[in-house]
1. Taking 51 Å as R0, compute the FRET efficiency from the Cβ-Cβ separation of Asp251 and Thr3 and round it to 0.05.
2. Relative to the present Cα-Cα distance, how much length would full extension add between Leu108 and Ser186 at 0.36 nm per residue of separation?
3. Return an integer: the convex hull volume of the alpha-carbon atoms of the chain, in Å³ per residue.
4. May I ask for the net charge around Arg163, where only other residues with Cβ less than 12 Å from the Cβ of Arg163 are counted and Lys, Arg are +1 while Asp, Glu are -1?
5. Out of residues 5 or more away from Thr256 or on other chains, whose amide H comes under 5 Å of its own, with H placed 1.01 Å from N in the peptide plane?
6. Go through region 121-132 residue by residue and turn each phi into a ³J(HN,Hα) via Karplus (6.51, -1.76, 1.60, θ = phi - 60°); whole Hz please, and just put x for glycine and proline.
7. Using a 7 Å offset from the Cα along the Cα-to-Cβ direction at both Gln12 and Lys42, what is the distance between the two label points in nm, to one decimal?
8. Amide H of Ile147 versus every other amide H placed in the peptide plane: which residues, excluding those fewer than 5 positions away on the same chain, fall under 5 Å?
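Read the figures in this text as sums done on the coordinates, not as results from a lab. Everything quoted here is computed from the prediction, not taken from an experiment. Using ideal geometry, Cβ is built from the backbone for each residue, glycine included, and neighbour counts are taken over all protein chains shown.
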Amino acid sequence: MVTVKIDGIEVQVEPGTTILNAARKIGGEIVPPAMCYYSKLKGSGGKCRTCLVRIAKNSAQNPNPAPKLVASCSTPVADGMEIENITSPQVLDARKGVVEFLLLNHPLDCPICDQAGECDLQNLAFEHGTAQTRYEFDRRTFEKIDIGDKIQLHMTRCILCYRCVYVADQLTDNRTHGIMNRGDKSEISTYIQNVVENDFSGNVIDVCPVGALTDKTFRFRSRVWFTKPYDAHRNCPKCAGKAVLWMQGKDVLRITGRKDQFGELENFICNTCRFDKKNASDWTIEGPRHIAKDSVIGQNLQLHEKHLSNKVPDYDNKQRLLS
Ligand code: SF4
Ligand code: FES
């Protein structure tokens, strides 16, 4: 095991562990944000630069700092390494710059985007973004593409994180899409429509950190914060059958995989569970799903509760309204 310090907190990890995963072992707010890294997808990471950190001391043998900030998702730790994330003004400043870059071509259409409330980029901008943009040019735009009847690609919102490409590559047996061209001409290739044939293609929706890949069976049916998420499972011959049902009353509006505290799926789920089991009776409901307080959807729920508590001081009444 090697010992490293992140923002002054010591942790022991296996040699070869990345700085990001060492930070995840500690947990809490010192964990750098990650828009492209996905621990369950091999080769992911190193694309978005949101996870930049400062190495203040390279190792016990080499106490010099690294000459520039490094991507924590793809930099392995060394024994005695000291890393700064939220304690470094340089890192926080660079992260602001990265958010600004990610938003250069990303439309500011949260009010009409289905991903709003659970969008990693929205959360990131909420925490690290600035209120104004310095960008004076037209954002690039694309026509929406239907990927079969269940998934829609809105390339205009894509931040080119490659996660959907890795899902298609590693979970489906016949990848037919990828990222074409370079620089600001890069885009998901035209062959993406064909990926829908596979049983696990729906996972591209869950891994997409923005609203570029959305569930057509849910689009515009409700804002996500007006639905109630429940953990549920079923006996599925294809996948673990563990999912989240997003319900309004008795109606199941949407089914997704379960995400952990880092926003990654605990298990990939199959398209049958995701798209074809929209009756609550298809599932054993375990109980309400916990929503992270620091997400935009969590903020909305808190504001909603605060609003109710201001208007309705009586606790029972408030619970009735929230239920
Ligand atoms: S469509 Fe979504 S998952 Fe795919 S590269 Fe773009 S942002 Fe990433
Ligand atoms: S999460 Fe590290 S570069 Fe994207």
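1. On the way: r = 52 Å, r/R0 = 1.01.
The formula returns an efficiency of 0.50 here.
2. Full-extension gain reported as 26.1 nm.
3. Numbers: hull volume 53.1 nm³, N = 323.
So the per-residue hull volume is 165 Å³.
4. Values: positive: Lys40, Lys42, Lys47; negative: Asp120, Asp169, Asp206, Glu264.
Surrounding charge for Arg163 is -1.
5. Sorted by chain and number, the residues that satisfy this are Val244, Trp246.
6. Running phi through 6.51 cos²θ - 1.76 cosθ + 1.60 with θ = phi - 60° gives 5, 5, 4, 5, 5, 4, 8, 10, x, 10, 6, 10 Hz.
7. 3.0 nm
8. Excluding prolines and chain starts, which carry no amide H, the hits are Gln152, Leu153.
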